[in-house]
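The values are calculated or read from the model by the stated rules, or taken from the named source; none is laboratory data. All values reported here derive from a predicted model rather than from experimental measurement. Cβ placement follows ideal geometry from the backbone for every residue including glycine, while neighbour counts extend to all protein chains displayed.
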Amino acid sequence: MSSDEDFSLVLDPSQSENTLEGINALINKFKKTHEQVLEEQKELAVCIKDRQDLVKQFKERTEKLTQTLKDDESSFRDQMANEKAKVNALEMEERELLEELERAKAALSEEEAQHQYLKEQTDVFTAVPERNLVFKGATRSADDTQQFDMKSRIEYPMLGGTTLITFEEEEVAKKILSMKSHRIELGGECSIRVEARPVHLMVPKLVEIDTTVCPQRILISNLPDMDTETLLNKLEIHFAKSKNGGGEVDDCEMLTDSGTVVLTFVEETIAKGLTETEFHEVKFQQFKHKVRVTPFLNGTIKNLETKLTQCPRTVLLSWIPAIMEPETLQDLVEIHFQKTSNGGGEIEAILYNPQGQQTTALFESV
């Protein structure tokens, strides 16, 4: 009989509690009732224990889930910190790449400007007169022979905010290039940081020239030492006369590097006749002097090979801002790189080109 069942005790009038049978009957009924109550208490105890076990399990599960949640939150925070660090690193790398891109664009612009200048090559003109040679048995060392020598003259375009420095010693230039970045004090608390880069020039490696005799020009050498203007006038007057084998002169020019004169005639038949007679006696004021007339050769470059060469003693300084007078800034840069404590040394030449300007440096072989 369950605890929720209703029961009632109805006494038979014949079984009065005053009788032994009635009392026994009541006792038996109360025993049954007691047994039912005990049974229900057992069931209730089992049920309570089951509920307690469930509560314990739920509590342990709750604690485990709470710890897992805390661990997940900590892991999430660590992950977020790592991702933030990665984002910061990527942003810094992006900035560095943008700066490198700007430097690359500036270098490319500089190389394109240099390439544009190198497209224009200079023709080499040579005049070698014919001479009758007779071998008489005498020999000379091969070191004594004359060789054709061509000196390079290279125009190097400079971008704004750059400086070219040529040191007296190669080792100083190498040291400056190895340091790459240099901080230059400008006085007070002001300073600038510049970048040292090598200077590469495109120089001739092999030159092949086709030469032809110019029909209108002659080359005059073995000239007397006198005033240039007077010399040119006397030569033009002499070779303009038909009795001297000459004709109408179109131009008379002194070649200062070789100390010779180029005479250009209007007609194309005059030059050949004059060169057939190598020496001509010309009257100069109070004296006469024999000059030498040889053919003038036009040269055309048919093959030119070049090579990229690094200047051993020259470095290029970039990223120089225009923050003061150009002359003052150049002096401060020169003073900085003359000091051995800064890795510098004696400077042979320096050229500064301020920002916003274009300057061409001339390199000559020595």
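General observations
- Some residue of segment 53-71 being exposed (fewer than 10 other Cβ atoms within 10 Å of the Cβ) and out of contact with any His (no Cβ under 6 Å at 6 or more places or on another chain): no
- Within segment 345-359, residues that are touching a residue at least 60 places away in the same chain (Cβ under 8 Å) reach partners that are outside any strand (DSSP E or B) and among the polar types (S, T, N, Q) with beta carbons closer than 8 Å, at six or more positions or on different chains, in the pairs 345/338; 346/338; 347/338; 350/330; 352/330.
- Selection count, segment 276-334, where residues are surrounded by fewer than 14 Cβ atoms within 10 Å (Cβ to Cβ), in the same structural domain as residue 235 (by TED's automatic domain parsing) and not in a strand (DSSP E or B): 4
- Once segment 191-234 is narrowed to residues that are among the charged types (D, E, K, R) and not in a strand (DSSP E or B), the residue that is surrounded by the most Cβ atoms within 10 Å (Cβ to Cβ) is 234.
- The residue of segment 160-178 that is farthest from residue 107 (Cα to Cα), among those that are among the hydrophobic types (A, V, I, L, M, F, W, C) and either surrounded by fewer than 14 Cβ atoms within 10 Å (Cβ to Cβ) or in contact with a strand residue (DSSP E or B) (Cβ under 6 Å, 6 or more places away or on another chain) (or both), is 167.
- Test: residue in segment 199-208 that is at pLDDT 90 or above, in contact with a Cys (Cβ under 7 Å, 6 or more places away or on another chain) and either outside the structural domain of residue 328 (by TED's automatic domain parsing) or not hydroxyl-bearing (Ser, Thr, Tyr) (or both): yes
- Residues located in segment 239-254, provided they are surrounded by 12 or more Cβ atoms within 10 Å (Cβ to Cβ) and either assigned to a loop (DSSP other than H, G, I, E, B) or not small (Gly, Ala, Ser) (or both): 239, 244, 245, 246, 247, 249, 250, 251, 252, 253, 254
- Scan of segment 252-277 for residues that are more than 16 Å from residue 298 (Cα to Cα) and acidic (Asp, Glu), ordered by number: 257, 267, 276
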